[in-house]
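What follows is a single structure, written as structure tokens, with notes after it.
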Amino acid sequence: MSLTNGIEVFNEERLKKVKDISGELLLPNGKLKLLSYKDYQKFEFDDLRIFCHQYARYGLPTIELINYLNNIIKGRSCIEIGSGHGDLGYHLKIPMTDNKAQLWPIIRKHYERMGQPIIDYPDDIEELDALEAVTKYNPKVVIGSWVTTYSPTEKNYSSSPFGIKEDKILNYVETLILIGNLESHGKKPILKFGHLLIKDAPFIVSRAKKQKYNVIYVWG
């Protein structure tokens with residue numbers, strides 16, 4: 001097991017020892033089922049984390065998380081950026097967008113070197129980078145879960161030259177919501193702007209080793 005650029009990678013021996021729980025977590029269309037956070041507690045944590053590794057999942061939507069986010073959205077126009085498989089946006093019933101960078105040869109090779117499975121983007125994910133999506137949809141609210149921040153060089157937080165210019169989004173929306181983990185996302189440059197931090201909420205479930213560090217940031 002190793003940690004590369006904030007992503008935990010499991011060796012083959014470890015992968016063979018865990019229970020395959022994909023049938024209990026995935027819908028026929030490949031999206032994650034919407035479970036309560038208590039449902040997730042029924043699984044062995046290693047099994048859950050390795051499922052996330054194998055299926056390129058990071059944050060796991062829960063019934064309680066969807067309800068919490070809907071209470072912030074309050075019926076306003078909303079989109080998801082950096083959607084990946086689109087599990088969160090699917091259950092929120094909002095447009096899902098992603099620049100689909102994991103299909104780019106340079107990114108694919110990087111993930112292959114790490115031994116990290118890549119996202120197989122579903123057809124309902126619209127290929128738009130974050131700023132293009134905001135310009136097209138003109139939403140009041142933007143949501144991103146486990147998104148990578150833009151930086152021209154790799155920093156000590158989850159960043160990439162192909163990441164999201166999160167601070168620029170603040171100029172276009174009433175509310176920006178980012179879901180992540182303090183270890184991977186606690187040093188985002190956008191955090192210098194005033195925001196609400198929601199932590200110690202058990203309904204924020206992820207692949208992260210330290211679940212107590214799962215957080216939601218809200219601007220606006």
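The values are calculated or read from the model by the stated rules, or taken from the named source; none is laboratory data. Values in this document were obtained by computation on a predicted structure and should not be read as measured data. So basically every Cβ, Gly included, is an ideal-geometry build from the backbone, and we count neighbours across all protein chains shown.
Here are some notes:
- Here the helices (runs of 4 or more DSSP H) wholly within the stretch 4-51 that include at least 1 residues being at pLDDT below 85 are 12-16.
- Any hit, the stretch 173-181, residues being closer than 13 Å to G59 by Cα and of a type in the set (G, A, S): yes
- For Y172, the conditions (1) within 25 Å of C52 (Cβ to Cβ); (2) part of a loop (DSSP other than H, G, I, E, B); (3) aromatic (F, W, Y) all hold with the exception of (1).
- Set side by side, the residues I169, I177 differ, and just one is closer than 10 Å to Y217 by Cα, touching a strand residue (DSSP E or B) at 6+ places or on another chain (Cβ under 9 Å) and β-branched (V, I, T), which is I177.
- Against the criterion of being free of Cβ contacts under 8 Å to residues at least 24 places away in the same chain and within 14 Å of the chain's Cα centre (by Cα), G180 does not qualify.
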